[in-house]
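Peer 1: One structure, as structure tokens, below. Some questions next.
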Amino acid sequence: MTANPLGFAGPTHQTGRTRHGWSKALQLAPDLYPGVGGKRFRATLLQRAYACAGGRGPAPMMIVDAVEMLHAGSLVVDDFEDDSLTRRGQPALHRVIGPARAVNAGNWMYFRALELATVALNDPARSAALVGRFITVARQCHEGQAIDLATRIDEVTPRQAQVTALAISRWKTGRLASLAAWCGAHAAAGDAQTLQAVAAFGCRVGICLQMKNDRDELCELLDGSNRCDDLRNRRVTWPWAWAASELSARQFAAWQHRLRRSEEQPAEFRALAKDLLGATHARAAAAINSRLDRAIDRLSAATGGAREVGPLAAVSDALRITGKPTAAEALS
């Protein structure tokens, strides 16, 4: 981990309450600190891309922290925009320090990510390319979030649900995962072909990550969680997109009507989640697993066998869905 990645040097910020150099003003949650919270999916993807492109040992930690910082900032802002109750089992930051300070903290993390990226490499030209990539991806992620916020699942046709779910996933989760993979290969001074191949792989795997995240929120709701942001906010998610291909237009419209009648009642949301999962388990497994297989095949083809892609492809294993439904889905 980068020494003091948050950039706070003052000794007053090194207390137990503000571990790892937390700013008392920002009050960032410990789980948002680079290298501490979350699944570390992007960090792992970056490291594997670094190795795939010929890098030896660990990837430069400053680049890893920059990607993690950008992601963490997006979580803070997303939680505020979704009015989420929790994040990683803890109260969402805007519910702890208020919306204004939380948005300020999330935005600050974007700029700190750029600052880290600026000094992560010694070569000025390669550093400029890295920062440019960060800026482009941050813009694309915001454009994907705009689509997410502006579109409601109860107001679209079945076809629109499928197209919109893909667009949101590609421009949000896909682009950020693509950035992580590209940064790893770029840090290893990979050639243009390798950079393009691992970036495309990252985007494809990122889409699958969003698919799984959308599905997991419904599973967790049935397992007793109160987090139901997607249903409460009527987001266009992959379970709805899969349902759109499984149900008749009339059935799909009936489920949209059920969502409108739910009025943020957990029991109603759980009943709808149960039906969504039950109707789409086979479709979800096929969609995620087949996309992962194609991503690996295209990565191998794009590198022409010149690179060992096995370790990078192994990142996708955690996203696969087995043939058996979850306990929650089995209740359907």
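The values are calculated or read from the model by the stated rules, or taken from the named source; none is laboratory data. Keep in mind that this is a model prediction, so the values were computed, not measured. Using ideal geometry, Cβ is built from the backbone for each residue, glycine included, and neighbour counts are taken over all protein chains shown.
Peer 1: Which one of these is farther than 25 Å from ALA177 by Cα and not charged (D, E, K, R): ALA241, ALA254? Give the derivation first.
Peer 2: Values: ALA241 fails: farther than 25 Å from ALA177 by Cα.
Sole residue among the options that is farther than 25 Å from ALA177 by Cα and not charged (D, E, K, R): ALA254.
Peer 1: Something else now. With the condition being at pLDDT below 90, in contact with a helix residue (DSSP H, G or I) (Cβ under 6 Å, 6 or more places away or on another chain) and closer than 30 Å to GLN47 by Cα, I'd like the helices (runs of 4 or more DSSP H) fully within the range 248-326 carrying at least 1 qualifying residues.
Peer 2: Numbers: elements: 249-262, 266-303, 310-313.
Hits in the range 248-326: 266-303, 310-313.
Peer 1: Could you list, in sequence order, the residues of the range 226-244 that are more than 25 Å from PRO91 (Cα to Cα) and hydrophobic (A, V, I, L, M, F, W, C)? Give the steps one after another, and end with the answer.
Peer 2: To start, the set of residues in the range 226-244 that are more than 25 Å from PRO91 (Cα to Cα) comprises 238-244.
Answer for the range 226-244, where residues must be more than 25 Å from PRO91 (Cα to Cα) and hydrophobic (A, V, I, L, M, F, W, C): TRP238, TRP240, ALA241, TRP242, ALA243, ALA244.
Peer 1: State which residue pairs qualify: first residue within 22 Å of THR173 (Cα to Cα) and in contact (Cβ under 8 Å) with a residue 40 or more places away in the chain and inside the range 39-62, second residue assigned to a loop (DSSP other than H, G, I, E, B) and hydrophobic (A, V, I, L, M, F, W, C) in any location, beta carbons under 7 Å apart, and separation of 6 or more residues or different chains.
Peer 2: If the second residue must be assigned to a loop (DSSP other than H, G, I, E, B) and hydrophobic (A, V, I, L, M, F, W, C), the pairs left are LEU46/ALA59; GLN47/ALA59; TYR50/ALA59; TYR50/ALA188; CYS52/VAL309; MET61/MET1; MET62/VAL119; MET62/ALA120.
Residues are listed down the side, and each one gets a yes or a no for (1) surrounded by 19 or more Cβ atoms within 10 Å (Cβ to Cβ); (2) of a type in the set (A, V, I, L, M); (3) under 18 Å from ARG48 (Cβ atoms):
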| position | (1), (2), (3) |
| --- | --- |
| THR280 | yes, no, no |
| ALA284 | yes, yes, no |
| ASN289 | no, no, no |
| LEU299 | yes, yes, yes |
| THR303 | yes, no, yes |
| PRO311 | no, no, yes |
| ALA318 | no, yes, yes |
| THR322 | no, no, no |
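Peer 1: Name the single residue that is farthest from ASP148 (Cα to Cα) among those in the range 64-94 being surrounded by fewer than 24 Cβ atoms within 10 Å (Cβ to Cβ) and of a type in the set (Val, Ile, Thr).
Peer 2: It comes out as THR86.
Peer 1: Answer yes or no as to whether ARG215 is buried (at least 17 other Cβ atoms within 10 Å of the Cβ), modelled with pLDDT under 95 and under 22 Å from ASP83 (Cβ atoms). Even if it seems obvious, please write down each step before you answer.
Peer 2: On the way: buried (at least 17 other Cβ atoms within 10 Å of the Cβ): yes; modelled with pLDDT under 95: no; under 22 Å from ASP83 (Cβ atoms): yes.
Here the answer is no, as ARG215 does not meet what is asked.
Peer 1: Which one of ALA167, ALA181 is part of a helix (DSSP H, G or I), of a type in the set (Gly, Ala, Ser), at pLDDT 95 or above and surrounded by 22 or more Cβ atoms within 10 Å (Cβ to Cβ)?
Peer 2: On the way: ALA167 fails: surrounded by 22 or more Cβ atoms within 10 Å (Cβ to Cβ).
That would be ALA181, the only listed residue that is part of a helix (DSSP H, G or I), of a type in the set (Gly, Ala, Ser), at pLDDT 95 or above and surrounded by 22 or more Cβ atoms within 10 Å (Cβ to Cβ).
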